[in-house]
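Below is one structure; the comments refer to it alone.
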Amino acid sequence: MSDRSQSGAGESHGAQGDILLRMKGLRIEGRADEQWLEIVHGVDLTLRRGEVLGLIGESGAGKSTIGLAAMGYARDGCRISGGEIWFDGVDLAKASDATKRKLRGSRIAYVAQSAAAAFNPAHRLIDQYCEAPVLHGVLSRHDAEAAAKDLYARLHLPQPETIGFRYPHQVSGGQLQRMMTAMAMSCRPDLIVFDEPTTALDVTTQIEVMAAIKDIVRQFNTAAIYVTHDLAVVAQMADRIMVMRYGDLVEEGETRAMLDHPKQEYTGQLLAVRELAKEEAKRPEGATPVLAVRNVSAAYGKVPVLFDVSFDVPKKRTVAVVGESGSGKSTTARVITGLLPPSEGHIEFNGEPLPADYRQRPKDHLRRMQMIYQMPDTALNPKQRIRDVIGRPLSFYLGLQGKQKEARIRDLLALIELEPDDYIDRLATELSGGQKQRICIARALAAEPEVILCDEVTSALDQLVAEGILRLLIRLQDEFDLSYMFITHDLATVKAIADEVVVMQNGRVVEAGPKGEMFQPPHHDYTDLLLSSVPEMDPDWLDRLLAERGEQLRDRGI
Amino acid sequence: MATATHNAWKLFKTAPPTAWFGLIVVSIYVIVALLAPFFAPYGETEIVDVAGLGVGDSEKFLLGTDHIGRDVLSRIIYGARNTVGIAFVTTLVTFLIGAVAGLLAAVLGGWVDQILSRIVDTLMAIPPLIFALLILTIVGTSVLNMIIVIAILDSTRVFRLARAVGMNVVVMDYVEVAKLRGEGLWWIIRYEVLPNISAPLAAEFGLRFCFVFLFIASLSFLGLGLQPPTADWGSMVREMSTLITFGLPTPLFPAAAVALLTVSVNFVVDWFLHKTSGLKT
Amino acid sequence: MSAILKMISQRLALGLLTLWVVTIIIFMAVELLPGDFAEALLGQAATEETVAAIRRELGLDQPAFTRYFLWLGDVLQGDFGRSLASDRLISELVGPRVYNTLFLAAYAAVIAVPVALTLGVLAALYRNSLYDRSVNVGALAAISSPEFFAAYILVYFFAVQNAWFPAIARVSETTGFGARLEMLFLPAVTLTLVTMAHMMRMTRAAIINLMASPYIEMARLKGVPRGRIITKHALPNALSPIINVVALNLAYLIVGVVVVEVVFAYPGLGQLLVDSVAKRDMPVVQASCLVFAVTYILLNLLADILSILSNPRLLHPR
């Protein structure tokens, strides 16, 4: 039990105080197929009072699991199987449930990824705020309510006096995430675990939440573990960063030092991930665009979602359609494919108008336009073998059979950099996310298309995997003279792949042009907001941006 | 195919005792039903002892004889053939109607779905036993009528399930891929939807069988199902029910035969559901 | 509140529509009788005059459309006509039996609902424990047993082998409340066994489903004690599924009594229905079916409305 005082004594330095949390050789096991498998392999972690530690890694790195272990908590189907978790003189790995319950909420608090799911739909927000302080005997209900309103105001929530009396579903996502941060703060804990708090949000909302979190953590000198997969986000938030991979620590260091001089190759790759940039190709003069959207308006039932949308996709070029959720970019793709016939306007293919409904389009038209989806999990039939997934368009469109078909499937697999012998007889469920997306690309290529619509094809993937997919798509474009319409919300992806950019907001095209121009000011206001909201690796980026935006952000009152 | 057998064996090895029990009992029922004349000591309607013996009174009649002197064991064995056979056929018909309609509703959507769903809603708003009694009053009680009535009434539940699981698959992007490729309705149902819903449908088949089987037994018990002198478990209970007031447990045997089979099928289905869908029931 | 009122009125309208369709189906049942109803009724005694007389008496000489509305009008006033078999007024025949049936169902529900909910919640809390597993196996066995099996087992052991309770429940209008409770004990327990298992399993599933939600995890991470998590965080959200489970099973109870009434020779509506079906006494069958169907539909309607009312997202719209 003397562990804390010993370790705390000699090592404290600078403005940071004593050691608050220390994990030693933490091991966590997860249950899969009736047996326990280790998913975190002996990780050490130290956190001082008031320090913000970033835990970063791709999916499966074990970062969220470690974050929760800091509260002595393991999810259903997981267990802490070894090591020590010392928090203020208590080993949470061995502490009784009652001891842990006293600490949770009062001295260690948690902010979940999805605020919409983590608030109880049956209670008012302020009741949920007050629950922990009243329960732990920190504040009376009356004082807790007053404190809540004060905190809501500090987090720049609109109508701080009354917003707490709403129910969770009556408040927007970005606000809800700030309400949850307020709730975590309610007992003024020593430590808050943030578990991907901004991942589910749009970029422009993400900034507001990041700013709020950074601000509040500083004000109360709260220590934090900030779990995320996005190095640029963590660069803004953390004093120190731990890079995780496959349940092991890869590298640990001060934020600036690590960003400037990563020691491990893996960290370097993560840092370089946003640097991929394709050189912009100019639109060929006078040529008919392969795909043209002409004054398209569309509605779901009676709700109009697209208003007079027009743009071109030139031959052998990539057009990125950018916008936040609800901007109508995916709906545009549905109109182009013929799944949602437009109420006005039409689609032209090589100058010819296409029938509005895909069922009226000839087979050869369907063949020449292929689609790749955001979620490779749902885009591949889990009961089909890769042979059948890629083989079907070959026999359906091109009439290939037997040996010819087999040879072509193997060619396509080689093309997407998967070893044919290893993969041809696998089921889709036996592949990783990136491999599945490659199979989807092969399936689209099998039809020998002229244009491929890519709907957020990299956003469900880890960054390094996503980069591989982007490189593959660029290579294939050169090899087969493909045209892409590339839907994305991520401007780093735009930089990586686009020749031209179309910015959409609320179902309208707000700006369109060559990529070079789009990344140079002056812009339409919205384009400007969107572009400036994309986090950069520079740790000072957020502070600088907030200073620049100044009152402007508060005036928007989001 | 060796791996398939191997996998099946691996699956069975992890099965809980209840599932093993269920599998073994169901197999015994099937064998007995198929080879009834071979197992039964006496004929189905053969009157062997008019005295009406109780259980254990005679070595010749293991489970005693019924109120008019037929061997109860023989009648239970023949009953397996009649009761289980008819329930199985009825379940098949139920499934054929329900699954086809449900999948069509899921894949086609629109007005086809609307019309079918409204019909099913209405049918389901009336309690099935009451509805069956009403219809059987009109069309008269016969085996064929009973099969048709129960199949139609119960297919509503298969429809609901097939439609629901079908819908879950239809919204998947891979189905959209197939549609945009220009595939026909049959291909989409056969290759994209069906393989992904076979597990819940198989489990539902087991559950529907139990329901249909109990339903027929109840109807027979009420005197509105299989008619005498056919050996049938439900009507056997009804015919012999007076014996119980004389302290004879005889009517409990055919009733237990019904219960044992349903329990066993339920055990197997429960395990299967748990295995295939991770459903924590 | 407007959204919720709209949903409830829609559901009510749908319920009324269903009821109306059911009256049509039940009325049509007679129309669909093979051959002429009057002839079927008279059987051997059918001569041209008698058939014509019966047809006039039953109003069969008028078009079906007119007859439906005449019939519906009568039914709405509680007039179901006369029984073909006994010539008694059906309303007199059905009335006391409806009371008996509802009494038995209520008796069973009073035992079954609290026990089932408690067992279900406990099974969910101690998931995969020995208790949970044995309750589950027991429940599966109970669900799988036909009502007559459970009933006769109880009769055999508690009425024949040990004469603790009566084997038949032949109550009359003069039977006192206490005597009724005793006579109906075995039938009520039978019904309890069969419905309780189902209710318990569904309650367990609903709670387990709920306990996996992120807001329950959040509550645990706020240091909320287990009991409070159940009462404050899980139950308010579990109300809707649990209400549904209970209502569905109450509906089932009322219909499921048919077999139990026959076993115990209890003069309820179910037994009347079965007797009338055997006698092909069509007007009585119609009346009984209508009563059963209306009860069933109303209970389901009630369940839907209550679960709309217990949904916080609908109670507090944006």
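The values are calculated or read from the model by the stated rules, or taken from the named source; none is laboratory data. Note that the structure is a prediction, hence the values are computed from the model and not measured. Every residue, glycine as well, gets a Cβ built from its backbone with ideal geometry; the counts of neighbours run over all protein chains shown. Surface areas here come from the heavy atoms of the whole protein model, side chains and all, with no ligands, DNA or RNA. Shrake-Rupley method; radii C 1.70, N 1.55, O 1.52, S 1.80 Å.
Observations, loosely collected:
- Any hit, the range B:238-251, residues being of a type in the set (Gly, Ala, Ser), part of a helix (DSSP H, G or I) and more than 9 Å from chain C (Cβ to nearest Cβ): no
- Enumeration of residues in the range A:437-481 that are open to solvent by 40 Å² or more (accessible area, probe 1.4 Å) and over 23 Å from the mean Cα position of the chain (by Cα): A:Glu448, A:Glu450, A:Arg475, A:Asp478, A:Glu479, A:Phe480, A:Asp481
Here is a yes/no grid of residues against (1) touching a Leu at 6+ places or on another chain (Cβ under 9 Å); (2) crowded, with 22+ Cβ neighbours inside 10 Å:
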{"residue": "A:Glu58", "(1), (2)": "yes, no"}
{"residue": "A:Lys63", "(1), (2)": "yes, yes"}
{"residue": "A:Ile66", "(1), (2)": "yes, yes"}
{"residue": "A:Ala70", "(1), (2)": "yes, yes"}
{"residue": "A:Tyr73", "(1), (2)": "yes, no"}
{"residue": "A:Asp76", "(1), (2)": "no, no"}
{"residue": "A:Arg79", "(1), (2)": "no, no"}
{"residue": "A:Trp86", "(1), (2)": "yes, no"}
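- Taking the criterion of being in contact (Cβ under 8 Å) with a residue 60 or more places away in the chain, surrounded by fewer than 18 Cβ atoms within 10 Å (Cβ to Cβ) and more than 10 Å from chain A (Cβ to nearest Cβ), the only residue of the range C:203-240 that qualifies is C:Ile208.
- Members of the range C:133-180 that are in a helix (DSSP H, G or I), surrounded by fewer than 18 Cβ atoms within 10 Å (Cβ to Cβ) and not aliphatic (A, V, I, L, M): C:Arg133, C:Ser134, C:Gly138, C:Phe157, C:Phe158, C:Gln161, C:Phe177, C:Gly178, C:Arg180
- Applying the criterion of being outside any helix (DSSP H, G or I) and within 11 Å of chain B (Cβ to nearest Cβ) to the residues of the range C:115-132, the residue that is surrounded by the most Cβ atoms within 10 Å (Cβ to Cβ) is C:Arg127.
- Annotation: of all residues in the range B:244-272 being surrounded by fewer than 23 Cβ atoms within 10 Å (Cβ to Cβ) and modelled with pLDDT under 80, the one that is farthest from B:Gly64 (Cα to Cα) is B:Thr245.
- Within the range A:383-405, restricting attention to residues that are in a loop (DSSP other than H, G, I, E, B) and open to solvent by less than 40 Å² (accessible area, probe 1.4 Å), the residue that is modelled with the highest pLDDT is A:Gln384.
- Any hit, the range C:189-198, residues being in contact (Cβ under 8 Å) with a residue 12 or more places away in the chain, within 13 Å of chain A (Cβ to nearest Cβ) and either in contact with a strand residue (DSSP E or B) (Cβ under 9 Å, 6 or more places away or on another chain) or among the small types (Gly, Ala, Ser) (or both): no
- Test: C:Pro283 is facing chain A (nearest Cβ under 10 Å), out of contact with any Ser or Thr (no Cβ under 6 Å at 6 or more places or on another chain), over 24 Å from C:Ala123 (Cα atoms) and touching a residue at least 24 places away in the same chain (Cβ under 8 Å): no
- Tally, over the range A:409-456, of residues that are outside any loop (DSSP other than H, G, I, E, B), under 24 Å from A:Thr488 (Cβ atoms) and of a type in the set (Val, Ile, Thr): 4
- Neighbours by Cβ (under 8 Å, 6+ apart or cross-chain): first from the range B:112-130, free of Cβ contacts under 8 Å to residues at least 40 places away in the same chain and within 10 Å of chain C (Cβ to nearest Cβ); second of a type in the set (D, E, K, R) and part of a helix (DSSP H, G or I): B:Met124/B:Arg157; B:Met124/B:Arg160
- Filtered by the rule that a residue be assigned to a helix (DSSP H, G or I) and open to solvent by less than 30 Å² (accessible area, probe 1.4 Å), the range A:321-364 gives A:Lys329, A:Thr331, A:Thr332, A:Ala333, A:Val335, A:Ile336, A:Thr337, A:Tyr358.
- Any chance A:Ser114 is touching a residue at least 60 places away in the same chain (Cβ under 8 Å), at the interface with another protein chain (Cβ under 8 Å from one of its Cβ atoms) and surrounded by fewer than 21 Cβ atoms within 10 Å (Cβ to Cβ): yes
- Filtered residues of the range A:51-82 (kept if in contact (Cβ under 8 Å) with a residue 60 or more places away in the chain, away from chain C (no Cβ under 14 Å) and within 21 Å of A:Asp97 (Cβ to Cβ)): A:Ile66
- Conditions (1) surrounded by fewer than 17 Cβ atoms within 10 Å (Cβ to Cβ); (2) within 25 Å of B:Pro249 (Cβ to Cβ); (3) modelled with pLDDT under 85: number failed by B:Leu11: (2)
- Test: residue in the range C:265-278 that is aromatic (Phe, Trp, Tyr), more than 14 Å from chain A (Cβ to nearest Cβ) and in a helix (DSSP H, G or I): no
- Entirely in the range A:213-308, the strands (runs of 3 or more DSSP E) that have 3 or more residues that are out of contact with any helix residue (DSSP H, G or I) (no Cβ under 8 Å at 6 or more places or on another chain) and over 30 Å from A:Gly105 (Cβ atoms): A:248-254, A:291-300
- Whether a residue is more than 30 Å from C:Val277 (Cβ to Cβ) and out of contact with any Gly (no Cβ under 8 Å at 6 or more places or on another chain) was assessed, and B:Val139 does not pass this test.
- Residue count, the range B:122-154 (criterion: within 20 Å of the chain's Cα centre (by Cα), among the small types (Gly, Ala, Ser) and open to solvent by 10 Å² or more (accessible area, probe 1.4 Å)): 1
- Considering residues of the range A:151-190 that are in a helix (DSSP H, G or I) and without any contact (Cβ under 8 Å) to a residue 12 or more places away in the chain only, the residue farthest from A:Ala116 (Cα to Cα): A:Ala153
- Unmet criterion (only one of (1) open to solvent by less than 40 Å² (accessible area, probe 1.4 Å); (2) at the interface with chain C (Cβ under 9 Å from one of its Cβ atoms); (3) among the hydrophobic types (A, V, I, L, M, F, W, C)) for B:Ala199: (2)
- Here the helices (runs of 4 or more DSSP H) wholly within the range B:111-222 that include at least 3 residues being at pLDDT below 90 are B:128-139, B:143-170, B:194-221.
- Residue check, A:Arg107 more than 25 Å from A:Leu546 (Cα to Cα), basic (Lys, Arg) and either surrounded by 22 or more Cβ atoms within 10 Å (Cβ to Cβ) or within 12 Å of chain C (Cβ to nearest Cβ) (or both): yes
- Residues of the range A:117-138 that turn out to be part of a loop (DSSP other than H, G, I, E, B), more than 7 Å from chain C (Cβ to nearest Cβ) and in contact (Cβ under 8 Å) with a residue 40 or more places away in the chain, as a count: 3
- Conditions (1) within 14 Å of chain A (Cβ to nearest Cβ); (2) touching a residue at least 40 places away in the same chain (Cβ under 8 Å); number of the one not met by B:Leu180: (2)
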